[in-house]
1. Based on DSSP, what percent of beta bridges with both residues in the chain are antiparallel, to the nearest 5?
2. Given points 7 Å out from each Cα along the Cα-Cβ axis, report the VAL432 to ASP281 separation in nanometres with one decimal.
3. At most 13 other Cβ atoms within 10 Å and a DSSP loop assignment: could you name the trypsin sites (Lys or Arg not before Pro) in region 42-85 that fit?
4. Give the cross-link partners of LYS381 among the aspartates and glutamates, using a straight C-alpha distance below 16 Å as the criterion and excluding same-chain residues fewer than 8 apart.
5. Farthest toward the dipole's positive end in region 279-470, which of THR439, GLY369, ALA329, given Cβ charges of +1 (Lys, Arg) and -1 (Asp, Glu) about the Cα centre?
6. Calculate the length of the line joining the C-alpha centroid of region 427-473 to that of region 129-148, in whole Å.
7. Taking the beta-carbon count within 10 Å as an exposure proxy, list THR176, THR365 from fewest neighbours to most.
8. When the label point is put 7 Å from the Cα of TYR417 along its Cα-to-beta-carbon vector, which residues of region 444-473 have a backbone N closer than 16 Å?
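Every number in this text was worked out from the coordinates using simple rules, so none of it is lab data. Keep in mind that this is a model prediction, so the values were computed, not measured. Cβ coordinates were reconstructed from backbone atoms using ideal geometry, including for glycine residues, and neighbour counts include every protein chain displayed.
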Amino acid sequence: MVALVKSPQAARPTGRLTLQTAEIAPDTTAIRCLDWDRDRFDIEFELRNGTTYNSFLVRGDKLALIDTSHGKFHDLYLNEIAAQINWADLDYLIVNHTEPDHSGLVKAVLQRAPQVTVVGSKVAIQFLQNLVHQPFESLMVKSGSELDLGRGHRLEFVSAPNLHWPDTIFTYDTGTRVLFTCDVFGMHYCDDCLTDEMPHLLEADFQTYYDCLMGPNARSVVMALKRIEKFEVDLIATGHGPLLLHHRADWVDRYRTWSQTQTKAETFVALFYTEDYGHSDRLVRAIADGINVNVTLLFSVQSYVDSAWAYIRGLEKRVERGEDISRLASVASFFLSRIDTKVDDWVDEQLKEGIPDMARREKLTEIKGKVAIANAKLAYKEYEKIIASDRWQALAQKGANVQRLLWASTSTKNPEYSDVMYVDELVGPDTVNTMPPNTIEACADHCDVDSRIKTDVDKAEHLIASLEGLGLN
């Protein structure tokens, strides 16, 4: 049975939004949010037929919700879930992928069902912790992990990293033989038709979706396909578009053929920088309005550069209006030990699996505890380029204050490392170092304070450049 619900938000500028529910297997309900008029995705991805955001309920002795929806469906989606279940009965929220079009309502679900256990990959759980900013119970899963909901619904999980985010997993219900894949095998095609009954209408959007999202990670596609070969699949429940029922083998074969071809092809890359979620624009507007803004949770050098130029654009707008800029200030908060912790954990996993190549093993060992400081030194190098630019110098003459780099997450997590490593190595002009009490005490005792932020920058560049060859982004 399929139920269609019309959105009360239909008259808003977001376009026509409707909702479709359907029983797709025993004890399994699809909740499809239909975004009829969406004409663009991830900025560069033009849509011809809108899109859908698909979510699923699986009822065993335990109750699981698989993925949520886009934030624009807030009322419509949450009201439908409330009509389907009692929030207090929800046991698990399985997050196959944390991109906002699938996790946009995770926080709202947690607010209504605080008892729920969030299930996802290690990366997904970490992403969600930074997304929802509230404590929640979690269960980290990987390939081979299982979760028994009872009544024949035993879920098995498959790691599918880089399809197309590093957090992706598949969820397979051994009882109904439904494979929940989120973005993988999906397409941006909005229609009331629940499944792939008319493949000729879907082919173009299916291939465009693959080319834009999956093709660049063809090797990861091939690996994921190998991992699901053991499953007998009756239905592929995707996160976008119709569910794949009638021609599922053909769709999978296309992924296999395209990916095998792609992995053998010579690669050419056109690199553009775009910003999808508007954070830089909001920073520009805030500074232009005279609001002091601190930027936090920076991990990449490029993110820092973006925030620095956004700060400058905001100051320039004030100058254009003849307004004072001398009282505005900002810091860009760069996180340190978290980076080394993640890198070290990844290296340890690689070494545990066994690496026959002695040279590669040595290179992996050498990067432990060094990536965060190298990354920070490269950020400071970019800072110096920015303040030397003509645009900044013009602002400085009008009294502008620099956006200082602030080093955060400076407590050393690995007891084998120096407990002041994130202080000693990063002292420099126009920087701020925030320290927890234990690091302050250690620094008072044995810090060797000197300006080292500009030393060994060439070594830092070499180290960061070597990471991709080792398998780190």
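1. Numbers: 39 of 65 bridges.
Bridges in the chain that DSSP calls antiparallel: roughly 60 percent.
2. Distance between label points: 2.8 nm.
3. Details: sites: ARG48, ARG59, LYS62, LYS72; in loops: ARG48, LYS62.
Listed in order of number, the matching sites are ARG48.
4. Partners found: ASP306, GLU425, ASP430, ASP456, ASP458, GLU461.
5. Result: ALA329, furthest along the dipole toward the positive end.
6. Each part's Cα centre sits 32 Å from the other's.
7. Values: THR176 18, THR365 13.
Lowest to highest Cβ neighbour count: THR365, THR176.
8. 460, 463-464
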